[in-house]
Amino acid sequence: MPGIGTLISGILTDSLGWKGGFFIVLFYTLLVIFLCSFLPETLKEKDKKALKIKRIVQAYGRQFQNVRLVLWGTLMGLSTAVIYMFSQEAPFVAIEKFGLTYAQYGLYYLIPSLGISFGLVLTAWLSDKVTSMTSMLWGIITILIASLLMGVFFVGVWKNTWALFIPLVIILIGDALLFTNASSMGVTDAEDKSNASAVMLFINSCIGFLGTFLIGVLAPGVLLAMPIAFLLVSVIMFSIWFYLHRKKQPHGS
């Protein structure tokens with residue numbers, strides 16, 4: 001869906017200008033509201049104190065004291081940051097340096113969907129063959145290799161659209177291996193799974209935003225910014241993975 005959304009937004013931007021993409025957001029929001037009106041209520045017993053600020057802060061505070069949970073959320077956030085950083089910088093590189101139109105960029109953006117799809121299928125296939133920790137390690141190594149490949153392409157003579165998108169497909173295969181297993185392991189480690197999920201998603205969103213902000217401020221439009229940033233992220237990913245691997249829970253994989 002992000003690929004299709006980017007394609008449609010690129011076409012609208014070519015024809016209607018930069019405001020065109022907001023029509024997609026409006027249509028999507030109205031569609032979600034309409035579909036949600038058909039969903040059945042799942043809450044069996046109402047807890048009137050559930051949304052009290054003090055109670056929420058206390059529940060989240062307990063989750064943030066769980067170091068492993070925070071690190072699982074950080075791994076998720078770093079994998080999300082890779083996608084966000086690409087989404088931040090790739091349009092400038094593809095359009096300003098490689099000469100694509102907005103519509104052409106939207107069409108090329110469908111290619112990464114192959115990486116995500118293959119990565120999710122691979123994750124499911126590996127689930128009963130190797131441990132989650134092993135799958136995550138393979139994912140991190142995949143991101144590292146693809147980042148190096150992108151850097152080699154950009155430093156060398158092959159500076160074109162394919163040099164941008166082919167490594168991304170490989171990166172997203174690794175991203176899928178990492179994100180799905182990290183989120184699963186984080187919930188497995190937690191007793192209060194609903195609040196644990198919320199905290200991990202909060203960390204995920206914050207790190208994704210931070211990565212996007214830093215690459216946009218420090219190196220806007222710089223060709224080598226993405227591969228260097230991805231390399232740094234993969235090194236941090238491995239450091240966290242290594243710590244979690246050494247500090248296994250008694251029931252951990």
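Bear in mind these aren't lab numbers, they're just calculated from the coordinates by the rules spelled out. What you see is a predicted model; the values in this text were computed from it and never measured. For neighbour counting, all protein chains shown are included, and Cβ atoms are generated from backbone atoms with ideal geometry for every residue, glycine included.
A few notes on this one:
- Residues Ile240, Ile215 arranged by fewest to most Cβ contacts within 10 Å: Ile240, Ile215
- Summary of packing: across the peptides 138-150, 10-22, 174-186, the per-residue average of other C-beta atoms within 10 Å ranks them, highest first, as 174-186, 138-150, 10-22.
- Taking all Cα pairs closer than 8 Å and separated by 6 or more residues, the relative contact order of the chain comes to 31 percent.
- Most to least packed among 163-173, 34-44, 113-123 [average Cβ atoms within 10 Å]: 163-173, 113-123, 34-44
- For the set Lys129/Lys193; Lys44/Lys193; Lys19/Lys159, the pairs lying more than 21 angstrom apart at their alpha carbons are Lys129/Lys193; Lys19/Lys159.
- Rounded Å value of the spacing that divides the Cα centres of the stretch 108-186 and the stretch 14-91: 23
- Cα point-scatterer Debye curve for the chain, base-10 log of I(q)/I(0) at q = 0.16 Å⁻¹: -1.25
- Residue among Tyr28, Tyr243, Tyr102 with the largest mean-square fluctuation in a Gaussian network model of the chain, springs linking Cα atoms under 10 Å: Tyr28
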